[in-house]
Amino acid sequence: MSPEELKAYKRDKSKKFNAHLRDLRLKEKKRIADQQDGNQGTAQDDQQPDQQPDQQPDNLTLQDLMDIFSTLDTKLDLIQTKLETKLENKIDELFNRLDTIESIIETKLETKLETNTLLPQFKPIFFA
């Protein structure tokens, strides 16, 4: 593995690890918020029976939103890296095919030239 590939591999692993860690923190925050909502929900139900559950605002903080944004940004980076890798592989494959085609054409041209030079050459006849 070349040093560049090793750096890319480490960067990819680090991004995945950080994204997973952010997801875990966000899930824990949501779980704690849901538990707090569940405890407060019984007291609120007694006070406001007319309020619909879907009208309650989300209890996401700015930090939660930043974590979500960071997670999405990391996932976007991973997708971009995968796409770039696939494109580079396809381009390399195309160049290899072009090189193969070029060598086949050169070989055929060389054999044609060799067979043409092996044929007896006819001298032109000039009539005066």
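Summary of values
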{"quantity": "Criterion violated by residue 67 - all others in (1) part of a helix (DSSP H, G or I); (2) touching an Asp or Glu at 6+ places or on another chain (Cβ under 9 Å); (3) at pLDDT below 85 satisfied", "calculated": "(3)"}
{"quantity": "Residue within region 103-110 that is aliphatic (A, V, I, L, M) and modelled with pLDDT under 85 present", "calculated": "no"}
{"quantity": "Flag for residue 59 being touching a Ser or Thr at 6+ places or on another chain (Cβ under 7 Å), at pLDDT below 85 and surrounded by 10 or more Cβ atoms within 10 Å (Cβ to Cβ)", "calculated": "no"}
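The values are calculated or read from the model by the stated rules, or taken from the named source; none is laboratory data. Every value quoted in this text rests on a predicted model; they were computed, and no experiment measured them. Reconstructed Cβ throughout: ideal geometry from the backbone, glycine too, with neighbour counts over all protein chains shown.
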